[in-house]
Amino acid sequence: MNPAATELSLQTHINQLKKSSESLQPARYASLLQKCTEQKSAAAGKLVHQHILSSGCGVNRYIQNHLIFMYAKCGCLEDALEVFELLPNPNVFSWTALITAYAKEGHLREVLGLFRKMQLDGTKPDAFVFSTVLTACSSAGALNEGKAIHDCAVLAGMETQVVGNAIVNLYGKCGRVHEAKAVFERLPERNLVSWNALIAANAQNGHCKDAMQVFHLMDLDGSVRPNDATFVSVVDACSNLLDLPRGKSTHERIIRTGFDSYLFVGNSLVNMYGKCGSVDRARLVFEKMSSRNVVSWTVMIWAYAQQGFIRAAFDLYKRMDCEPNAVTFMAVMDSCLRPEDLPRAEQIHAHMVASGFDSDAVLQVCLVTMYGKCGSVDSAWSIFENLKERSNNAVTWNAMISGLAQHGESKQALECFWKMELEGVRPNSVTYLASLEACSSLNDLTRGRQLHARILLENIHEANLSNAVINMYGKCGSLDEAMDEFAKMPERDVVSWNTMIATYAQHGSGRQALEFFKQMDLEGWTTDRATYLGAIDACGSVPSLALGKTIHSIVATAAPCLEQDPGVATALVTMYARCGSLHDAKSVFWRSHSRNLVTWSNLIAACAQHGRENEALDLFREMQLQGTKPDALTFSTLVAACSRRGVVKDGVFYFVSMVEDYSIPASEDHFGGMVDLLGRAGWLEEAEQVMRKNPCALAHAVLLGACHVHGDVERGIRIAQSALELDWKNSASFAASMAMLAELYGAAGRWEDAARVRKAVESRNARREPGGRSWIEVKNRVHEFGEDDDRLQGPRLDKIRGELQRLSSLAVEEGGICKDENARAHILGCCHSEKVAIGFGIVSTPAGQLIRIVKNLRACHDCHAFAKFVSRRIQREISVRDPYGLHCFQTNGSCSCEI
């Protein structure tokens, strides 16, 4: 019937009732009340109720039940209860109508109270009543109450299909999947609702593979066919499994069965494709939806945000044709992750206030997080300070501490942590995670230990916290404590192993890192992107070209998609460059389809360090053509390349371009590079002028080296005297610079001054850094040597020592590399690790083969001169990479660095 006609008919009858006080037949009253129920017109229903009372029919149970039902459907619970209480003998229908009304409004206490009264009254609940009460318990997550009703149903012999379905749903909603399955298996008959309840129970509680298995069993059973509710649960299971292939096949089946036009099915599909990373398919489903609600828009916005399509997420948010809800604001705020997103963040905040959500406690926490991620610490703090529920809400504090820690405000993050404690808010695992991250950034081992002690006192045993503790100790350089925490972990995950591998690799302990990688594989752990990144970095620090190639091969075979990952590609380029294989580095680079700034910069640096300065400069031009914007590190590399190539004009051009075209302020490294550029070219006057503009230790050391090379004794002495007034943070660099000064004094015949400088160095306890290590790979095995290493044993011992002694003597006698008597003595007696490695390489590899060495400290001037002489004397190329660059010693006695 036409609703307008029905409304007209109802209004006509109401008007007639107003004009007449004559009593109507009970069936007539029931018909009118039914019309009021259909129209949900409580006002009309009350007029009918008044007419019933005035006509004397108010004690008729048939009419009273209809009144209860009408009031219940119209949401007038108090009126329904008032009519019910007037019933002398309510029947099942009376109880059912009232219980259903309270259940619909979510009043569980009243539902349970009415159910008990019904039993005490002697009225036996039927299957519908049990189902209604169980559904109310499910909605409220009231497991214990639901179990009690389940027991009542069993005792009453009411474990029918309808009641059984409700029980399966109850246990599923309350996270008891095992009990839900047990009830399902006892059902005498199963219908579509039964299967849907069990599929949903598994899908909603993370048992997604089991949900898919139940769906398969339903198909095999063949007694029922899936409907929209079935497909929603199945698609959600695919979503949580990130199983795109199965999600796509389920989508195809949905299309074949015609359920693709259903709103909730469409929303689930959009969500599934978004979570699985197929944003294009999500957008296609979204655009084809005939109708959309706020959920549709929200899941699509979230899909964009989660997959990094920031602008698309915000543009879709602006396109919304319905009012956003709290979840929508959470989704679009999740798309504001970077400082450049701050203007969008402010627009979202303004819209949220205009929409009346500014007092929502959850959204306020999201605002703190959003502004923190965007780097607007002041805005985040302003909102945080005005939060009313801050005093008893750890989540709010966590958002503020995390925002500070993630954007370089680590000191303030720790201050916020202590303030949190002063206000009596108990920190949780999330608080400790953010605070440990702050300690890691600050290299604050003391506070890190304090936090670790607190975690132990509070008896918090979580893998992610232990991983954060390991990372903190690793970043702070306390590898023993990191290892100790790892060893004590009751349960480890892949992140634990990755953290240990990365920790050792980042501190130059590549051997230990690779041992962890091997042990991880032996114990059957599944490696991931972070594992490979750590292992590749370790191969570069050992260095081991053979093992690096092996791990590269594993990546290409086991996870070919990772080879195109920008981070992995960058790590491979860096590893091959460190191992001296520029060819392999370039091969990886050009095969990669997604190069970022770091990838470009690392290959440019590799080319420059390998003496391929022209290639480095060509790569930079190509990088610019492809739209990648250089950073400060890129320009440091370019200036260094120009310095080695001897093109002063180009180096100056890049320096000026950096400052003026890219607005990148020049750092000490840049000024040091410019001094090196000018000094190498012999422009010592200009180099000194640049040094005076930024009189840092690095610039003094570089210019002093240039004076030493070009024989400008007077200028070198002047620079060295100026350097003595500086605060040298690196005592080894100071010692090296003073050694050059001593040589300059010696070259000028000022032996007393040379001796005085050496004594000054000794008085400041400034000496070459301890712990110098060098590595050389021979026959796929990496050999490690330390300074004055006494571990050389075996039949080759005398041969290695004899060869080093012979070559050292020749370097002094024939090479004329040391005019200072003290320096000669140093050359003859020196047993630095790189020198030992060179000797080992000479006796352990065939004549003519490249000797490739890596060391952890800067090569000293004497060892550098020794390597140049040896390379020419034995006609073998020698490659030595230290933390400051690559030295390619040629058979003509030159070096790529041209010191």
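The values are calculated or read from the model by the stated rules, or taken from the named source; none is laboratory data. In this text, all values refer to a predicted model and were calculated from it rather than measured experimentally. FYI the Cβ positions are ideal-geometry reconstructions off the backbone, even for glycines, and counts take in every protein chain you see. All accessible areas refer to the heavy atoms of the entire protein, side chains included, with ligands and DNA or RNA removed. Shrake-Rupley method; radii C 1.70, N 1.55, O 1.52, S 1.80 Å.
For MET623, only one of the following conditions fails: (1) in a helix (DSSP H, G or I); (2) surrounded by 21 or more Cβ atoms within 10 Å (Cβ to Cβ); (3) under 31 Å from the mean Cα position of the chain (by Cα). What is its number?
(2)
Residues that are surrounded by fewer than 23 Cβ atoms within 10 Å (Cβ to Cβ) and within 40 Å of the chain's Cα centre (by Cα): find the helices (runs of 4 or more DSSP H) completely inside segment 142-203 holding 1 or more of those.
Correct list: 143-155, 177-186.
Can you confirm whether ARG511 is in a helix (DSSP H, G or I), of a type in the set (D, E, K, R) and at pLDDT below 90?
yes
Which condition does ARG872 not pass, out of (1) charged (D, E, K, R); (2) open to solvent by 30 Å² or more (accessible area, probe 1.4 Å); (3) in contact with a His (Cβ under 9 Å, 6 or more places away or on another chain), if it passes all the others?
Checking ARG872 against (1) charged (D, E, K, R); (2) open to solvent by 30 Å² or more (accessible area, probe 1.4 Å); (3) in contact with a His (Cβ under 9 Å, 6 or more places away or on another chain), the one that fails is (3).
Is there any pair linking a residue in segment 361-380 that is farther than 20 Å from SER410 by Cα to one that is part of a helix (DSSP H, G or I) and not aliphatic (A, V, I, L, M), with Cβ under 6 Å and at least six apart or on different chains, and which?
LEU363/PHE329
For the structure I just gave you, tell me whether MET158 is within 13 Å of SER233 (Cβ to Cβ) and hydrophobic (A, V, I, L, M, F, W, C).
no
Please work out which residue is modelled with the highest pLDDT, limiting yourself to segment 416-432 and to residues that are over 21 Å from LEU367 (Cβ atoms) and of a type outside the set (S, T, N, Q).
TYR432
Picking from VAL353, VAL395, which residue would you name as being under 21 Å from LEU436 (Cα atoms), open to solvent by 40 Å² or more (accessible area, probe 1.4 Å) and out of contact with any Gly (no Cβ under 9 Å at 6 or more places or on another chain)?
Being under 21 Å from LEU436 (Cα atoms), open to solvent by 40 Å² or more (accessible area, probe 1.4 Å) and out of contact with any Gly (no Cβ under 9 Å at 6 or more places or on another chain) holds for just one of VAL353, VAL395, which is VAL395.
Look through segment 768-791, keep the residues that are in a loop (DSSP other than H, G, I, E, B) and surrounded by fewer than 15 Cβ atoms within 10 Å (Cβ to Cβ), and return whichever of them is modelled with the highest pLDDT.
LYS779
Take segment 412-450 and flag every residue that is farther than 16 Å from SER466 by Cβ and charged (D, E, K, R).
Correct list: GLU415, LYS419, GLU421, GLU423, ARG426, ASP444, ARG447.
Quick one: in segment 524-578, of everything that is assigned to a helix (DSSP H, G or I), of a type in the set (Val, Ile, Thr) and open to solvent by 20 Å² or more (accessible area, probe 1.4 Å), which residue is farthest from ALA502 (Cα to Cα)?
For segment 524-578, the residue satisfying everything is THR557.
Can you pull out the residues in segment 396-413 that are touching a Leu at 6+ places or on another chain (Cβ under 6 Å) and at pLDDT 85 or above?
SER410, GLN412, ALA413
Restricting attention to segment 382-392, which residues are part of a helix (DSSP H, G or I) and surrounded by fewer than 19 Cβ atoms within 10 Å (Cβ to Cβ)?
Correct list: SER382, GLU385, SER391, ASN392.
Given (1) farther than 23 Å from ASN205 by Cβ; (2) surrounded by fewer than 22 Cβ atoms within 10 Å (Cβ to Cβ), identify the lone condition not met by VAL224.
Status for VAL224: all satisfied but (1).
Which residues, taken from segment 466-495, are part of a helix (DSSP H, G or I) and surrounded by fewer than 20 Cβ atoms within 10 Å (Cβ to Cβ)?
LEU479, ASP480, GLU481, MET483, ASP484, ALA487, LYS488, VAL494, VAL495
Given the criterion within 16 Å of GLU252 (Cα to Cα) and either in contact with a strand residue (DSSP E or B) (Cβ under 6 Å, 6 or more places away or on another chain) or of a type in the set (A, V, I, L, M, F, W, C) (or both), identify the matching residue among ALA282, ALA313.
Step by step, each of ALA282, ALA313 is checked, and only ALA282 is within 16 Å of GLU252 (Cα to Cα) and either in contact with a strand residue (DSSP E or B) (Cβ under 6 Å, 6 or more places away or on another chain) or of a type in the set (A, V, I, L, M, F, W, C) (or both).
Taking segment 626-665, which residues are within 20 Å of ASN602 (Cα to Cα) and of a type in the set (A, V, I, L, M)?
Within segment 626-665, ALA632, LEU633, LEU638, VAL639, ALA640, ALA641, MET658, ILE664 qualify.
When you go through ILE254, ILE199 one by one, which is the residue that is at pLDDT 95 or above and touching a Leu at 6+ places or on another chain (Cβ under 8 Å)?
Going through ILE254, ILE199 in turn, the sole match is ILE254.
Suppose the filter is within 23 Å of PRO125 (Cβ to Cβ) and at pLDDT below 85; does ASN60 pass it?
Taking the combined requirement at face value, the residue does not satisfy it.
Give the residues of segment 792-820 that are hydrophobic (A, V, I, L, M, F, W, C) and at pLDDT below 70, sorted by residue number.
Listed by number, the residues that qualify are LEU792, LEU797, ILE817, CYS818.
Could you please tell me which pairs satisfy a Cβ distance under 6 Å, a separation of 6+ or placement on different chains, a first residue in segment 730-747 that is modelled with pLDDT under 70, and a second residue that is aromatic (Phe, Trp, Tyr) and assigned to a helix (DSSP H, G or I)?
Final answer for the pair search is none.
Filter segment 344-361 for residues that are part of a loop (DSSP other than H, G, I, E, B) and closer than 16 Å to PHE384 by Cβ and give the result.
ASP358, SER359, ASP360
A quick yes/no check of all residues on (1) out of contact with any His (no Cβ under 8 Å at 6 or more places or on another chain); (2) at pLDDT below 90; (3) more than 23 Å from LYS855 (Cα to Cα):
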position: PRO543; (1), (2), (3): yes, yes, no
position: ILE554; (1), (2), (3): yes, yes, yes
position: ALA558; (1), (2), (3): yes, yes, yes
position: ASP565; (1), (2), (3): yes, yes, yes
position: VAL573; (1), (2), (3): yes, no, no
position: ALA577; (1), (2), (3): no, yes, no
position: HIS583; (1), (2), (3): yes, no, no
position: ARG591; (1), (2), (3): yes, yes, yes
position: LEU597; (1), (2), (3): yes, yes, yes
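So, in segment 626-646, how many residues would count as being within 18 Å of PRO566 (Cβ to Cβ), open to solvent by 60 Å² or more (accessible area, probe 1.4 Å) and of a type in the set (D, E, K, R)?
Residues flagged as within 18 Å of PRO566 (Cβ to Cβ), open to solvent by 60 Å² or more (accessible area, probe 1.4 Å) and of a type in the set (D, E, K, R) within segment 626-646 amount to 1.
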